[in-house]
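In what follows, a structure is listed as structure tokens, so that the remarks can point back to it.
The values are calculated or read from the model by the stated rules, or taken from the named source; none is laboratory data. Predicted model only: the values in this text are computed from it and were never measured. In this analysis, Cβ positions are derived from the backbone assuming ideal geometry, glycine residues included, and neighbour counts consider all displayed protein chains. Calculation scope for accessible area: heavy atoms of the full protein, side chains included, ligands and nucleic acids excluded. Shrake-Rupley method; radii C 1.70, N 1.55, O 1.52, S 1.80 Å.
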Amino acid sequence: MPESASPQQEQQPARESFGSRLAAAMTARGPLCVGIDPHPQLLAEWGLNDDAAGLERFSLTVVEAVASLAAAVKPQVALYERHGSAGMAVLERTLAASSEAGVLSIADAKRGDIGSTMAAYADAWLRDGSSLAADSVTLSPYLGFESLRPALDLAAQYGRGVFVLALTSNPEGKSVQHVGGADSVARRIVAEAAAENRRYDGALGSVGLVVGATIGSALEDLDIDLGPVRGAILAPGLGAQGATPADLRATFGAAYPSVLATSSRGILAAGPSVAALRAATGETLDGLRSE
């Protein structure tokens, strides 16, 4: 008799793609992602200790406050890692709470490596059954876009997504991302993402890009057209980092409908009151929706 298939060999059931789920969430709730960034200073301002207990109280309060309003939440993985295994356990509970509350999660891990190491990262953040599985994860392509293949394929297999760093707003980013001028590194990353999204139907593919809200004229300077990407543009920098909704419209132009604006401290500073966090989230959404 033939041997039965192993769990890894079994056909995965078809499921809705991350891009399709994100497009629906952005249409229903608005184009806002709330960053969950438990900085030591914010913990102190909330009257919480800089330990795992404070971290958990902070994170679950944010999820409770914004889950019904935001299209997604984005825990900053480094701020959990600094608390060791106890912090990572809190991150697991935060991701689980987000799923239970019906809000999409973006693990801001910025992972990038090659071969079996990249496969292991993909397995941790994107595989069903992993305690760290998020709806999507941020990735760094600077070992070559194709080095991300294990994550790209696993995301497609499990109906999850990725956001690939393309144009970041930190000044140092230009030393890599802008190199090449008309054939810049950033432009090639954008083209690779567009090609990858051809495997997906619907308004949005599941391969998004990270493009800072405060990059100014970089898209124009580098002759980059985000329209063909057909993926969400995760744009950190709204609020405390200085970008306004008007800046987003000016920066992204025709691609603005695909922009998922991210605000962290601008909303989190309203805590620890759940009502105040909700009010700050609603005010931010109003700005993004207004013409």
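Structure data summary
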read-out	value
Subset of the stretch 192-207 [farther than 22 Å from A24 by Cβ and in contact (Cβ under 8 Å) with a residue 12 or more places away in the chain]	E192
Residues being among the small types (G, A, S), surrounded by fewer than 16 Cβ atoms within 10 Å (Cβ to Cβ) and touching a residue at least 12 places away in the same chain (Cβ under 8 Å) - total across the stretch 120-139	1
When residues of the stretch 253-262 are limited to those that are touching a residue at least 40 places away in the same chain (Cβ under 8 Å) and in contact with a helix residue (DSSP H, G or I) (Cβ under 8 Å, 6 or more places away or on another chain), the one farthest from V66 (Cα to Cα)	S258
Those residues of the stretch 26-52 which are buried (at least 21 other Cβ atoms within 10 Å of the Cβ) and either part of a helix (DSSP H, G or I) or without any contact (Cβ under 8 Å) to a residue 12 or more places away in the chain (or both), in sequence order	M26
Qualifying position, being modelled with pLDDT under 95, not in a loop (DSSP other than H, G, I, E, B) and not charged (D, E, K, R), among G87, G173	G173
Subset of the stretch 184-201 (residues that are surrounded by fewer than 15 Cβ atoms within 10 Å (Cβ to Cβ) and either of a type in the set (V, I, T) or modelled with pLDDT under 95 (or both))	D201
Matching residues in the stretch 171-213 - criterion: being under 17 Å from the mean Cα position of the chain (by Cα) and of a type in the set (S, T, N, Q)	N197, S206
Among (1) touching a Phe, Trp or Tyr at 6+ places or on another chain (Cβ under 7 Å); (2) open to solvent by 20 Å² or more (accessible area, probe 1.4 Å); (3) part of a helix (DSSP H, G or I), the one test that D113 misses	(3)
G216, sole failed condition from (1) closer than 22 Å to R149 by Cβ; (2) modelled with pLDDT under 95	(1)
Selection count, the stretch 58-74, where residues are of a type outside the set (S, T, N, Q), under 19 Å from A44 (Cα atoms) and without any contact (Cβ under 8 Å) to a residue 40 or more places away in the chain	1
Which numbered condition V162 fails, given (1) open to solvent by 60 Å² or more (accessible area, probe 1.4 Å); (2) among the hydrophobic types (A, V, I, L, M, F, W, C); (3) in contact (Cβ under 8 Å) with a residue 40 or more places away in the chain; (4) outside any helix (DSSP H, G or I)	(1)
Unmet criterion (only one of (1) open to solvent by 10 Å² or more (accessible area, probe 1.4 Å); (2) in a helix (DSSP H, G or I); (3) hydrophobic (A, V, I, L, M, F, W, C); (4) more than 29 Å from A203 (Cα to Cα)) for L55	(1)
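Conditions tested, residue by residue: (1) among the small types (G, A, S); (2) at pLDDT 95 or above.
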| position | (1), (2) |
| --- | --- |
| P245 | no, no |
| R249 | no, no |
| F252 | no, yes |
| L260 | no, yes |
| G266 | yes, no |
| A269 | yes, yes |
| S273 | yes, yes |
| A276 | yes, yes |
